[in-house]
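Everything below concerns the one structure shown next.
The values are calculated or read from the model by the stated rules, or taken from the named source; none is laboratory data. None of the values given here were measured: they were computed from a predicted structure. Don't worry about glycine lacking a Cβ; one is built from the backbone with ideal geometry, like all the others, and counts go over all protein chains shown.
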Amino acid sequence: MGIEIRGVNKNFGDFVALQDIDLSIPSGQLTALLGPSGGGKSTLLRIIAGLESSDSGTIEIEGVDATGVPAQKRNVGFVFQHYAAFKHMTVAKNVAFGLEIRKKPKDEVKRRVDELLKLVHLEQFSHRLPAQLSGGQRQRMALARALAIEPSVLLLDEPFGALDAKVRKELRDWLRRLHDEVHVTTVFVTHDQEEALEVSDSLVVINEGRIEQIGTPDDLYDRPASDFVLSFLGPVTTLGDRLIRPHDIDITRYEHAATASGRITRWTRVGFEIRLEVTPDDALRPDPVQVVVTKAEATALQLHEGDLVWLRPRVGADAVSR
Amino acid sequence: MTVDAPVAPGAAPKRRARSVTSLTRSSALGLGIALSWFSLLVLIPLALIVIQSVDGGWATFRDTLTNPQTASALRLTVTQALIVTLINVVMGTLIAWVLVRDSFWGKRLLEVVIDIPFALPTIVAGLVLLSLYGPDSPLGVNVANTERSVFLALLFVTLPFVVRTVQPVLMELDRDVEEAAASLGASRFTTLRRIILPSLAPAITAGAALSFARGISEYGSLVLLSGNLPGKTEVASVRILTYIENGNEAAAASVAVILLVVALAAIVLLQVLSAVVARRG
Amino acid sequence: MASRAAQPRTPGTYVRRLIVVGYLFLLIVWPVSLVVVKTFDGGLGNIQGALSDPEVVFALQLTVYVAVWAVAINTVFGVGISLLLVRYEFPGRRVLSALIDLPLSVSPVVVGLALLLAYAGTDGLFGPTLESAGLQVAFAPAGIILATAFVSLPLVIRELVPVLQEIGTEQEQAAKSLGAGPVQTFRRITLPSIKWALVYGVVLSLARSLGEFGAVKVISGNIAQQTQTATLVVEEKYQDFEQGTAYATSFLLALIAVAALVVVTILRPKDDTDGD
């Protein structure tokens, strides 16, 4: 159940957008498709919705084969990055659209629209036009519109991509809470790893048309399957011959069994954390290593710019499982 | 407001990722019907002109074009259209500038005035000009039946082209860029020459091409104004009509082909220009 | 568009303004207003004279009949071809899009000639076949409709294409995902979004159709009370020294043209209220 994707391929001319995608998206969960722009994640979402057709492969939605079914018959809720608000209709009319297409009785449509507008906190805006709403409000309206048809799955394509940082964060929390209330199988596309890690139950990392890894946010963060996943989910630096997160490096002023040693050549304080650059005295690996420590650690260790320090991975540091 | 505004290169709307689909069965049927109608109405009749002109052989073509009366009509048409286009380049750009950058009482009225030549029937345009610049001119200027009448008529009917192609581009032009130039020490004149005019150049050229194409093909506004004096005020379109009325369709087609080639050249130029602008981003 | 503060006014501002206003006054405003003056020289006499002349009345009726047909054809064709050009990919799309503009730069006389070569009753390509089927095109209203449709063909398309490109396909896709079929999507989503552009294109086509002269002159045969349209009447009356009638008829045509412009200027929303 949920969404079953089998052997999906998609090319745009010479460009391979998706290659042999096999994926099971569990029912009732919030799943994020995460990856860099142009990696194929939006294409996959559009294929699930029927807005794009795959060159080969099958799509099954809640146990029903949807492969050849046109978008208007799939009963899929789709939310677009740029809202796709119907500009000539009021907020209430936008939300009612799918219900009117389904020829629901008037009073039922009204009741449902009121309910949904309440759910997305837009009840006092029902007679406004989309142009009179802020970006965040428009996206909430789009969400209500998609939910109105009681979709078997809800698909969101970079839903917060066009919003500013603060609104993004609010909507993200709100989406999580909404999903806990509605429990519809939800798939959303994002290129923002923080958003994906924070909101989703499970994560699918897609790069260059292939699935890199599938798992819970913890799985992916702690046990990345590849250097790509490790580096995509957060900042990384090279210590010795491995990729590591800057906060997973142990730094001391005393010689010990270290992976590298060198002087602190750069010191940037950002709030409570201090970002250091250590230039190794190893002629074979002269590239600076990024290290992050808290202000308190730096004080305790009596670190200063120009100090000679020794570096090694912390015990239990994230690492690519090989 | 834009009437008949030629789609200016550079004024192209910013596109969102445009998703284009290949034809479905019903849209292919629609395309088939649309293409058939377009062919029956436009393409086949125009192709027949080309066929007709080559039908008589190279000799008919050459004889027609070397006929003194026809040659003089073509010369007059091209010369006047060129002069008018040059004036439009200057005046059209100036008018667009004033409409975009200046604001004063009655500016919206001017917007309507600009479009009058597009909307007015050409025969009426001729009559209109005749009433101010004809025998009963209140100004005492009578250009009727002279070369100047051709010039005046073309000036009237081609007025909107450059204005309407330049205007949207000028509106989109970032003030920031001019302010940046000024902050770098450029004078108003240098900014105009080095920053503004180069950005407007494709639109001006496009407007000029449209204006020239319209100029050489003008007929209606000249009928009453120019007197159609052979060798003096007779333009190419009138020559074609004379040939048609004399039943000499081959000769009519020969002159028509020349006009068609120029019209096509203008369209190709426009396409190339919008491609250039699109690349510039 | 960035909001821009009014530019500081310099003497140059006033010089430019003066030149532009003067130029437009001498070239357009004054001459056009003279037609009005001459029409009402002797009160309403000229208008009444024109409207009681059967030739003029017939011509005006024929003109409206022809214009309505031509505009209807161009509207249907224009909407269809605009959707095809913007929303679909097919071989030859760019060439077609370029050729669509051709009628705007072809001389009206050439248009008339081209249609004669195709539809003349005796020696046209399709003429004899159509005639034996009972349809006379050249020197008949059908031919006038064709000529008028030809010259005003691109006007609707040129208005629609940029708007269709601008609105993109997201709203249509959203409608589709909400269960709307192609016809419902067009009627409820696409049409309302292109409504103003369509009205605008239709009004332009109408103005152009009412005013076509050269192409109609060639294809119609210009037979009074049979194939003579309003613009042809203006020419004939002027040359027959019935200048009052010519001015009155011109005034009526100009009135329609200017009224169309003004109506559209007022109707059209000043700016796109698109907030994103």
remark   = Going through the range C:204-214 in order, the residues found to be under 19 Å from C:Ala72 (Cα atoms) and surrounded by 24 or more Cβ atoms within 10 Å (Cβ to Cβ) are C:Leu204, C:Ser205, C:Ala207, C:Arg208, C:Ser209, C:Leu210, C:Gly211, C:Glu212
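Out of all the residues in the range C:231-244, is one or more among the aliphatic types (A, V, I, L, M) and modelled with pLDDT under 85?
no
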ask   = Just a yes or no: is a residue in the range B:5-22 surrounded by 15 or more Cβ atoms within 10 Å (Cβ to Cβ), facing another protein chain (nearest Cβ under 8 Å) and at pLDDT 70 or above?
value = no
task = Provide a single number: the residues in the range C:171-195 that are at negative phi and not in a helix (DSSP H, G or I).
result = 3
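Any residue at all in the range A:134-147 that is more than 30 Å from A:Pro36 (Cβ to Cβ), at pLDDT 90 or above and in a helix (DSSP H, G or I)? First the steps, then the outcome.
Quick first cut of the range A:134-147, residues more than 30 Å from A:Pro36 (Cβ to Cβ) only: A:144.
If we keep only those that are at pLDDT 90 or above too, we end up with A:144.
Those still in the list that are in a helix (DSSP H, G or I) too: A:144.
Yes, some residue in the range A:134-147 is more than 30 Å from A:Pro36 (Cβ to Cβ), at pLDDT 90 or above and in a helix (DSSP H, G or I).
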note = The residue that is nearest to A:Gly63 (Cα to Cα), considering only those in the range A:150-162 that are buried (at least 21 other Cβ atoms within 10 Å of the Cβ) and of a type in the set (A, V, I, L, M, F, W, C), is A:Val153
key: Residue match in the range C:34-42 (condition: within 13 Å of chain B (Cβ to nearest Cβ), surrounded by fewer than 18 Cβ atoms within 10 Å (Cβ to Cβ) and among the small types (Gly, Ala, Ser))   = no
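Report yes if B:Glu249 is more than 17 Å from the chain's Cα centre (by Cα), crowded, with 18+ Cβ neighbours inside 10 Å and facing chain C (nearest Cβ under 10 Å), otherwise no.
Taking the combined requirement at face value, the residue satisfies it.
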ask   = Only one of these conditions is not met by C:Val66: (1) within 12 Å of chain B (Cβ to nearest Cβ); (2) touching a Ser or Thr at 6+ places or on another chain (Cβ under 7 Å); (3) at pLDDT 85 or above. Which number is it?
value = (1)
request  = May I ask you to list the residues in the range A:155-187 that are in a loop (DSSP other than H, G, I, E, B) and touching a Pro at 6+ places or on another chain (Cβ under 9 Å)?
outcome  = A:Val184
query = Does at least one position in the range B:79-90 carry a residue that is at the interface with chain C (Cβ under 8 Å from one of its Cβ atoms) and assigned to a helix (DSSP H, G or I)?
reply = no
note = Restricted to the range B:128-154 and to residues being more than 19 Å from C:Lys38 (Cβ to Cβ) and buried (at least 24 other Cβ atoms within 10 Å of the Cβ), the residue farthest from the chain's Cα centre (by Cα) is B:Val150
remark   = Filter the range A:93-120 for residues that are closer than 18 Å to C:Gly179 by Cβ and aliphatic (A, V, I, L, M); the one that is surrounded by the most Cβ atoms within 10 Å (Cβ to Cβ) is A:Val95
message = For the range B:30-73, which positions are among the small types (Gly, Ala, Ser) and surrounded by 19 or more Cβ atoms within 10 Å (Cβ to Cβ)?
response = B:Ala34, B:Ser53, B:Ala73
key: Subset of the range A:30-89 (residues that are assigned to a helix (DSSP H, G or I), surrounded by fewer than 21 Cβ atoms within 10 Å (Cβ to Cβ) and among the charged types (D, E, K, R))   = A:Lys73
key: Among the residues listed as C:Ile100, C:Ile73, the single one being within 30 Å of B:Ser254 (Cβ to Cβ) and out of contact with any strand residue (DSSP E or B) (no Cβ under 7 Å at 6 or more places or on another chain)   = C:Ile100
key: Single match in C:Ala142, C:Ala147, C:Ala138, C:Ala133 (criterion: surrounded by fewer than 20 Cβ atoms within 10 Å (Cβ to Cβ), more than 7 Å from every other protein chain (Cβ to nearest Cβ) and within 21 Å of C:Val71 (Cα to Cα))   = C:Ala142
request  = Go through the residues of the range A:128-135 one by one and say whether even a single one is touching a Phe, Trp or Tyr at 6+ places or on another chain (Cβ under 9 Å), of a type in the set (Gly, Ala, Ser), assigned by TED's automatic domain parsing to the domain that holds A:Ser27 and crowded, with 23+ Cβ neighbours inside 10 Å.
outcome  = no
inquiry  = Consider the range C:121-141. How many of its residues are closer than 30 Å to C:Ala207 by Cα and without any contact (Cβ under 8 Å) to a residue 12 or more places away in the chain?
reply    = 4
request  = Return the residue satisfying two criteria in turn: it lies in the range A:43-64 and is among the charged types (D, E, K, R) and under 13 Å from A:Ser152 (Cα atoms), and of such residues it is farthest from the other protein chains (Cβ to nearest Cβ).
outcome  = A:Glu60
request  = Mind counting the residues in the range A:186-198 that are buried (at least 24 other Cβ atoms within 10 Å of the Cβ) and more than 8 Å from the chain's Cα centre (by Cα)?
outcome  = 2
query = Which residues, counting only those in the range A:90-120, are aliphatic (A, V, I, L, M) and either within 14 Å of chain C (Cβ to nearest Cβ) or part of a helix (DSSP H, G or I) (or both)?
reply = A:Val91, A:Ala92, A:Val95, A:Ala96, A:Leu99, A:Ile101, A:Val109, A:Val113, A:Leu116, A:Leu117, A:Leu119
request  = Could you list all residues from the range A:28-42 that are hydroxyl-bearing (Ser, Thr, Tyr) and more than 14 Å from chain C (Cβ to nearest Cβ)?
outcome  = A:Thr31, A:Ser37
The range B:98-110, subset part of a helix (DSSP H, G or I) and within 7 Å of chain C (Cβ to nearest Cβ), residue surrounded by the fewest Cβ atoms within 10 Å (Cβ to Cβ) = B:Arg101
key: Total residues in the range B:118-135, condition within 7 Å of chain C (Cβ to nearest Cβ) and part of a helix (DSSP H, G or I)   = 9
key: Residue within the range B:49-61 that is under 25 Å from C:Ile73 (Cβ atoms), at the interface with chain C (Cβ under 7 Å from one of its Cβ atoms) and out of contact with any strand residue (DSSP E or B) (no Cβ under 8 Å at 6 or more places or on another chain) present   = yes
task = Any residue in the range C:74-103 that's more than 9 Å from every other protein chain (Cβ to nearest Cβ) and farther than 23 Å from B:Arg214 by Cα: show its pairings with residues that are modelled with pLDDT under 90 and not in a helix (DSSP H, G or I) at Cβ separation under 8 Å, as long as the two are six or more apart or on different chains.
result = C:Leu85/C:Ile100
task = Determine whether the range A:146-154 contains at least one residue that is polar (S, T, N, Q) and more than 28 Å from the chain's Cα centre (by Cα).
result = no
task = Scan the range A:250-267 and report the pairs whose first residue is under 16 Å from A:Pro313 (Cβ atoms) and whose second residue is exposed (fewer than 12 other Cβ atoms within 10 Å of the Cβ), with Cβ atoms within less than 8 Å and a gap of 6+ or a chain change.
result = A:Ser261/A:Glu255
